[in-house]
Amino acid sequence: MRRAERYTDTLREEIGQIVGYELEDPRLTMVTVTAGQFFWTFAPDRVPVGTRVRFDLTSVDVNHGFVLYSPRGHLLGSVQAMPGYHNQLDLTMSQAGIYRIRCGEYCGLNHSTMDGSFTVTRR
Ligand SMILES: [Cu+2]
């Protein structure tokens with residue numbers, strides 16, 4: 001298979017993991033994400049593979065951009081973390097590994113150092 005085809009298949013698979021925004025779904029595991037200059041905190045900070053997660057985001061200071069990458073480095077989703085608001089992103093974590101988070105909105109002098117990680121464990 002050509003490299004471009006493999007890449008397209010991978011993207012299709014990962015985009016397929018993104019689920020809808022059902023408001024009340026008991027199968028969703030809430031993960032509270034708090035952003036601040038210049039950190040991310042997660043509660044809990046890990047889930048088992050296959051978990052459907054609702055990331056619930058807020059900020060303690062200024063606007064930040066929550067940008068989530070798969071363990072293979074592909075962009076999975078992005079949502080703002082804003083003081084006084086709760087923005088949400090729903091994803092099925094179908095791959096074990098370390099998911100990387102970068103800040104996607106300039107938020108101060110150390111913005112470029114603002115990265116974090118979220119772990120998906122094997123069952
Ligand atoms: Cu930032």
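Since every read-out is calculated from the coordinates, none of them should be taken as a lab result. The structure presented is a predicted model; accordingly, all values stated were derived computationally and were not measured. Cβ: placed from backbone, ideal geometry, glycine included. Neighbour counts: every protein chain shown.
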Exercise for the section: Output the residues belonging to region 70-113 that are surrounded by fewer than 17 Cβ atoms within 10 Å (Cβ to Cβ), part of a strand (DSSP E or B) and out of contact with any Leu (no Cβ under 9 Å at 6 or more places or on another chain). Expected result: Pro83, Thr92, Gly97, Ile98
Fill in the blank from the handout: Counted residues in region 85-123 being within 16 Å of the ligand (Cβ to nearest atom) and more than 19 Å from Met30 (Cβ to Cβ) come to 15
Exercise for the section: Enumerate the pairs (first residue in region 44-73 and touching a residue at least 12 places away in the same chain (Cβ under 8 Å); second residue anywhere and within 16 Å of the ligand (Cβ to nearest atom) and basic (Lys, Arg)) with beta-carbon separation below 6 Å, excluding pairs fewer than 6 apart on the same chain, so at least 6 apart or on different chains. Expected result: Val67/Arg102; Tyr69/Arg100
Handout entry: Test for Met82: is it out of contact with any Pro (no Cβ under 7 Å at 6 or more places or on another chain), within 16 Å of the ligand (Cβ to nearest atom) and in contact (Cβ under 8 Å) with a residue 40 or more places away in the chain
Key = no
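Only residues that are within 11 Å of the ligand (Cβ to nearest atom) and in a strand (DSSP E or B): list them for region 32-69, please.
Here is the first cut: in region 32-69, the ones within 11 Å of the ligand (Cβ to nearest atom) are 35-40, 59, 61-67.
Passing the criteria: Ala35, Gly36, Phe39, Trp40, Ser59, His64, Gly65, Phe66, Val67.
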